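Following: one structure in structure tokens, then a few remarks.
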């Protein structure tokens, strides 16, 4: 097996990641929504402190905005930003605070205002309902009201509002260049049809990184158990799910002596059977939904591989006596449950399945003094050529509201493009290179692994259409049942063919 080339971290590399990765959106609803009505906070962002430093230079024009600065006479641009977990600091900020990410966002907003002579009015939703922003936008669109120009939302929630026509077709706007690499090109491949695309994501979306799943491991405990370091196994291409099963064997300890598994015991691996299951199909290189040359979606499945993959995941999470499925002890394995990372911080396991955002939120020096590392989710087998990273579907996407008037659309689309471009220079490097890499990755191997994982992100486009396929839920049910699911899997293509037809029809109606 040829060794993986780990390259040095640099902005040009990090930017390159958004060229090469396939960030096809995933939109399965994993968090519980509330019908609570939101209150909002509004800020007119000041241009008193634009960033006067030189932008990071890049020889690739795909990372710079081609549009010339314009004077829009101080017009107000209204942005409605989602405030669900991991997204609050992507747009809303009112001043320099000395916080790396906040200050980078402030400088980006101020720079766009200065360059285009506009004023931002940013409304941050504080509703616990992740669908609140697009729901309100949809109501306003149907009423013909123009309260907002641009909005952001969790990726998984967008589908019903896209097919209702609540957002502009970005491919019809001259000022929006979807080929620029400060927008995620793999996402565009999944979300974009030949002549249609209604949302985008990219370097403005800090939540894209926060929702990246990794395997975290305790290097000290690996040493005390005489286990090989996962970094070396990964670099050598030997990190597979069968290797993970081998490493955790005979590691369980009934710490409290009550003769049953619980959160007080010690395990080789801590995971779950809801959101923690989702990354495996991507990490194994299994794809479900694909477009044909006409832009029509079709479900295509390698049933034999999927059946075997289900069996391997069940062996690891459900059937192994050395793993803990947190749902089996009454915990909800949703994206923002902290049981997995908390047990890891308390040194109750060798390794765990976590999002990068959990490391940022929980694994600080005050709570964990040991040495840890991160690696990708394991490969299906040694013959698989590369690792594949998975981003949970709650990453932010950005849209232009469809009832922005003809007299404003050139200005609004210019602002949209400029926000995305300026995020490449300011927000993304501030979070990825500084906040994430150097505050939360405490050894050089983890920084290299972060690059490798981010560089390998690939998600199946079936996840964007959760309200039609509910695909993650189907796979979670099969894994948690401890049955093979073979009968269901073999019927998937015929069973979901009609769903593909409905989806294709809805998207075609938007072209009429």
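The values are calculated or read from the model by the stated rules, or taken from the named source; none is laboratory data. Small disclaimer: the values here were computed from a predicted structure and weren't measured. For neighbour counting, all protein chains shown are included, and Cβ atoms are generated from backbone atoms with ideal geometry for every residue, glycine included.
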- Item | Members of the range 449-467 that are in contact with a helix residue (DSSP H, G or I) (Cβ under 6 Å, 6 or more places away or on another chain) and at pLDDT 85 or above | 462
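Here are 80, 72, 92: which of them is assigned to a loop (DSSP other than H, G, I, E, B), modelled with pLDDT of 95 or more, outside the structural domain of residue 361 (by TED's automatic domain parsing) and crowded, with 17+ Cβ neighbours inside 10 Å? Break it down into steps so the answer makes sense when it comes.
Details: 80 fails: assigned to a loop (DSSP other than H, G, I, E, B); 92 fails: modelled with pLDDT of 95 or more.
Residue meeting the stated conditions: 72.
Residue by residue, here is whether (1) more than 21 Å from the chain's Cα centre (by Cα); (2) over 27 Å from residue 306 (Cβ atoms) holds:
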residue: 206; (1), (2): no, yes
residue: 211; (1), (2): no, no
residue: 218; (1), (2): yes, yes
residue: 221; (1), (2): yes, yes
residue: 227; (1), (2): yes, yes
- Task: With the condition kept exactly as written, say whether any residue in the range 321-333 is free of Cβ contacts under 8 Å to residues at least 60 places away in the same chain, part of a loop (DSSP other than H, G, I, E, B) and closer than 30 Å to residue 145 by Cα.
- Result: no
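Output yes when any residue across the range 323-331 is touching a strand residue (DSSP E or B) at 6+ places or on another chain (Cβ under 6 Å) and modelled with pLDDT of 95 or more, and no when none is. If you could, list the steps in order and put the result at the bottom.
The initial filter retains those residues of the range 323-331 that are touching a strand residue (DSSP E or B) at 6+ places or on another chain (Cβ under 6 Å), namely 323-324.
Remaining after also requiring modelled with pLDDT of 95 or more: 323-324.
Yes, there is a match, as at least one residue in the range 323-331 is touching a strand residue (DSSP E or B) at 6+ places or on another chain (Cβ under 6 Å) and modelled with pLDDT of 95 or more.
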- Message: Tell me the residue from 316, 299, 289, 306 that is farther than 15 Å from residue 493 by Cα and within 25 Å of the chain's Cα centre (by Cα), please.
- Response: 316
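Do we have any residue at all in the range 419-428 that's under 29 Å from residue 151 (Cβ atoms) and in contact with a strand residue (DSSP E or B) (Cβ under 6 Å, 6 or more places away or on another chain)? Let's see the steps before the verdict.
Pass one, the range 419-428, residues under 29 Å from residue 151 (Cβ atoms): 419-428.
Imposing the further condition that a residue be in contact with a strand residue (DSSP E or B) (Cβ under 6 Å, 6 or more places away or on another chain) reduces the set to 420.
Taking every residue of the range 419-428 in turn, at least one turns out to be under 29 Å from residue 151 (Cβ atoms) and in contact with a strand residue (DSSP E or B) (Cβ under 6 Å, 6 or more places away or on another chain).
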- Task: Give me a count of the residues in the range 359-384 that are modelled with pLDDT under 90 and either within 19 Å of residue 212 (Cα to Cα) or buried (at least 23 other Cβ atoms within 10 Å of the Cβ) (or both).
- Result: 6
- Task: Output the number of the condition that residue 132 fails; it satisfies all remaining conditions of (1) closer than 30 Å to residue 353 by Cα; (2) touching a helix residue (DSSP H, G or I) at 6+ places or on another chain (Cβ under 9 Å).
- Result: (2)
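Restricting attention to the range 284-299, does a residue exist that is at pLDDT 95 or above, outside any helix (DSSP H, G or I) and touching a helix residue (DSSP H, G or I) at 6+ places or on another chain (Cβ under 8 Å)? So that I can check it myself, show each step before the final result.
Filtering the range 284-299 for residues at pLDDT 95 or above gives 284.
Restricting the remaining residues to those that are outside any helix (DSSP H, G or I) gives 284.
Narrowing further to those that are touching a helix residue (DSSP H, G or I) at 6+ places or on another chain (Cβ under 8 Å): 284.
Within the range 284-299, one or more residues are at pLDDT 95 or above, outside any helix (DSSP H, G or I) and touching a helix residue (DSSP H, G or I) at 6+ places or on another chain (Cβ under 8 Å).
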